[in-house]
Amino acid sequence: SALTLPASYLGQVNGRVLVKNPHLDLMEEDVLYHLDLGTKTHNLPAMFGDIKFVCVGGSPNRMRAFAQFMQRELGLAGAGEDVADICAGSDRYAMYRAGPVLSISHGMGIPSISIMLHELIKLLHHAKCRDVTIIRIGTSGGLGIEAGSVVITDTAVDSSFQPRFEQVVLGDVVVRSTELDKDLAEELLACSRDIPDFPTLIGHTMCTYDFYEGQGRLDGALCSFSSEKKLEYLRRAYDAGVRNIEMESTAFAALCGLCGLKAAVVCVALLDRLEGDQIRASHEVLWEYQQRPQRLIAAFIRKRLGLCPTD
């Protein structure tokens with residue numbers, strides 16, 4: 001018979017991170033395999049119960065650097081020292097914490113971030129976390145904006161510019177909404193006004209299943225379209241409100257939205273895709289670009305915690 005979901009499964013109740021799976025209540029143990037954590041092997045409430053902010057990004061090294069950055073920004077003991085990988089027993093994802101901030105890598109693409117998010121959301125639920133804000137910080141290709149611009153996503157859209165995430169479940173296509181928290185996006189934009197050395201804007205983010213053909217690149221191993229067709233498609237995307245392109249936002253928005261998590265996506269544009277396909281900036285320039293979303297999120301977290309701006 002069909003399972004009915006009690007009201008308590010429909011999002012955050014009293015600030016608690018909740019799940020939408022009644023089967024979990026019937027399990028003696030929940031093994032979060034890809035995070036190398038579990039409800040019997042670890043005291044998850046003790047380890048994570050005070051987490052208020054979760055920041056996720058593709059690269060393990062970038063998320064490690066972000067955790068170290070947040071240690072300094074929050075003035076925590078041990079700032080400047082190395083941080084321990086909580087998921088060291090797994091080679092799939094890396095997880096670090098800095099006070100109330102959890103920093104986790106999610107790999108590249110929808111399948112990778114989806115697996116991580118299922119286990120992360122269960123982790124936050126088992127740990128009895130409350131009032132959690134989750135933010136994806138990453139890199140992207142810009143659309144009609146200058147390289148180095150930071151885009152705060154208002155809505156994640158698919159390759160047809162629709163605000164939806166399609167998931168095949170038991171052979172059926174299930175369509176889920178990809179709306180993100182508008183108030184959180186506006187709060188982040190307000191924080192950006194105190195960081196005047198790079199442009200920040202709100203716009204749609206297009207999420208694709210592929211880096212090359214799926215994003216209209218001419219430089220992959222396969223290409224079945226002309227440069228004119230590519231530019232026509234990208235201009236249609238721009239006219240639909242798309243300002244950057246990446247590979248995770250629709251799944252991220254859908255899963256977080258269904259579980260009642262306040263979520264945001266903040267990505268820097270490494271280039272303007274209307275000008276070209278290949279990322280040619282130097283490593284030094286790219287490193288500085290990648291720090292821009294981190295600086296914005298650090299300012300947001302410090303403001304939420306009532307801390308004065310750092311010099």
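As a check on your grasp of the helix formula, calculate [θ] at 222 nm for the chain: sum -39500 (n - 2.57) over DSSP H runs of n ≥ 4, divide by the residue count, round to the nearest 500.
Calculated at 222 nm, the ellipticity per residue is -9500 deg cm²/dmol.
Output the antiparallel fraction of DSSP beta bridges having both residues in the chain, as a percent to the nearest 5.
40 percent
Could you derive backbone 3J(HN,Hα) for the stretch 59-72 from the dihedral phi with the Karplus parameters 6.51, -1.76 and 1.60 (θ = phi - 60°), listing whole Hz in sequence and x where the residue is Gly or Pro?
Whole-Hz 3J(HN,Hα) from phi for the stretch 59-72: 8, x, 5, 5, 6, 5, 5, 5, 4, 5, 4, 5, 4, 5.
Anything over 30 Å Cα to Cα? Flag those among LYS229/LYS262; LYS40/LYS262; LYS128/LYS182, in the order listed.
Violating the 30 Å limit, Cα to Cα: LYS229/LYS262.
In the neighborhood of THR133, defined by Cβ-to-Cβ distances under 9 Å, what is the net charge if each Lys or Arg adds +1 and each Asp or Glu adds -1?
Spelling it out: positives minus negatives among the neighbours equals +1.
Rg(Cα) of the stretch 55-180 divided by 2.2 N^0.38 Å?
Expressed relative to 2.2 N^0.38 Å, the Cα Rg reads 1.20.
Over the alpha carbons of the stretch 81-147, what is the largest minus smallest coordinate on each principal axis, giving the biggest first in Å?
Result, largest extent first: 42, 29, 25 Å.
Using θ = phi - 60° and the Karplus curve 6.51 cos²θ - 1.76 cosθ + 1.60, what whole-Hz ³J(HN,Hα) does each residue of the stretch 23-33 get, with Gly and Pro shown as x?
Result, rounded to whole Hz: 5, 4, 5, 8, 8, 5, 9, 10, 8, 8, 4.
Convex hull over the Cα atoms of the stretch 4-130, averaged projected area in nm²?
For the stretch 4-130, the mean projected area of the Cα convex hull comes to 8.3 nm².
Using square roots of five times the C-alpha gyration tensor eigenvalues, list the equivalent-ellipsoid semi-axes of the chain in whole Å, biggest first.
Details: eigenvalues 187, 125, 63 Å².
Values for the chain, descending: 31, 25, 18 Å.
With charges only on Cβ, +1 for K and R and -1 for D and E, what is the dipole size of the stretch 177-311 about its Cα centre, in debye, rounded to 20? Kindly include the intermediate steps, with their values, before the conclusion.
Values: 16 positive and 21 negative charges, 48 e Å.
Charge dipole, the stretch 177-311, about its Cα centre: 220 debye, nearest 20.
Where a number appears in this text, it was derived from the coordinates with a stated rule and is not lab data. As the structure is a computational prediction, the values presented were derived from the model and not from experiment. Cβ coordinates were reconstructed from backbone atoms using ideal geometry, including for glycine residues, and neighbour counts include every protein chain displayed.
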